[in-house]
1. How long is the gain from E134 to M72 if the chain were fully straight, where each residue apart is worth 0.36 nm and the alpha carbon distance is subtracted?
2. Using the Cα centre of region 5-209 as the reference point, and only Cβ charges (+1 on K/R, -1 on D/E), how large is the resulting charge dipole? Debye, rounded to the nearest 20.
3. Could you list, in their original order, any pairs among K92/K189; K110/K163; K52/K148 whose Cα atoms are separated by more than 28 Å?
4. Sort H79, H147, H87 so that the residue with the fewest other Cβ atoms within 10 Å of its own Cβ comes first and the one with the most comes last.
5. Among A69, I175, P83, flag the residue with its Cα farthest along the positive direction of the charge dipole of region 5-209, charges on Cβ as +1 for Lys/Arg and -1 for Asp/Glu.
6. What's the magnitude of the charge dipole for region 89-195 around its Cα centre, counting Lys and Arg as +1 and Asp and Glu as -1 at the beta-carbon? Answer in Debye, nearest 20.
7. Using a Förster distance of 45 Å, how high is the FRET efficiency between A49 and F153, based on the Cβ-Cβ distance and rounded to 0.05?
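Computed from the coordinates by the stated procedures, all read-outs in this text should not be read as laboratory data. Everything quoted here is computed from the prediction, not taken from an experiment. A quick note on method: Cβ atoms are made from the backbone with ideal geometry, for glycine too, and the neighbour counts reach across all protein chains shown.
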Amino acid sequence: MRLTLMNRLALAVTPALFLALLVPANAQYSAPPNTGNTFKDTSMLKPPAGAKVAIFTFEDLECPACARAFPMVQGAIEHYKIPLIRHDFPLKMHLWSFDAAVNARYLQDKVSPKTAEEYRGAVFASQTAIASKEDLRNFTQRWFQSHKITMPFVVDPQGTLAKEVQADYALGERIGLNQTPTIWVVTPKNWIQVTDPTQLFQTIDTALAQTSTSSTAANSKLRHPATPQK
C-alpha cells in the first residue's frame, strides 16, 4: 500500500512533533482542539526575549477554575523551567478578588516573587473559607503572621498596585477575554490556548518540538546556503 506524504511524516516523527508540524504559525490553536475562544488582539502573546516557549495566563483569585489550574501551571513552569507571564483579571462580579491581587503584588514588590506565589496558592486553597473582604483581610493577616511578615495597615496607600491590576484588566479587555483562567502556551511564532489545564504538559511538549524543528530548519539553511543563479 502506498504511503501518502502525511502517513510518512506520521511514521517519521514523534506524536508531539507531528502535531507541531500541523500547527500554523501566527494562527489560533487550542488544546483540546476546537475549544478555543475568539480574541480581538493577540499581538502581545509572545514569550519574553530569549525564551523559546512560555506560559501566558490571566487569572482571578476568586475563580474556582483558576484554583484548580494553579498547581498545574506551577508544576509546568517548574518542570520545564520556562517563564510564566501572569496577569490579574479580577472579575467584577467577585467581591474580594481585586484586593487579593493587590496583596499579591505587594508581596511581590516588597518581599519576593516566590512569597507572592505562595500567597496566591494559599488564597486559592482557602477560597471556600473567604466570603467577604473582611474574611480576606483576616486570612491575609494570619498568613502574614505565619510567614513572619509585617502587614501594613494600608497595603497600597498610593494606589500604585491597584493601577497595576487595572492595567492587567485593561489588557485582558483588549485581548477580548471572556473567561478565567485563560491560559496560552506561546512561542515567538504562534500561540496555543489551553482550555483543559490537564493538557498543559502535552501542549508544552508540542511547542518545544515545534521550536526545535524551526531552529533545525533555520540552521540547515545557514549550513547549506542556496546556490546563486548564474
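1. Working it through step by step, the gained length comes to 19.4 nm.
2. Taking the Cα centre of region 5-209 as origin, the dipole is about 420 debye.
3. Check vs 28 Å cut-off fails for K92/K189; K52/K148.
4. Least to most surrounded, the residues fall as H79, H147, H87.
5. P83
6. It works out to roughly 140 debye.
7. Working: r = 39 Å, r/R0 = 0.87.
Calculated transfer efficiency: 0.70.
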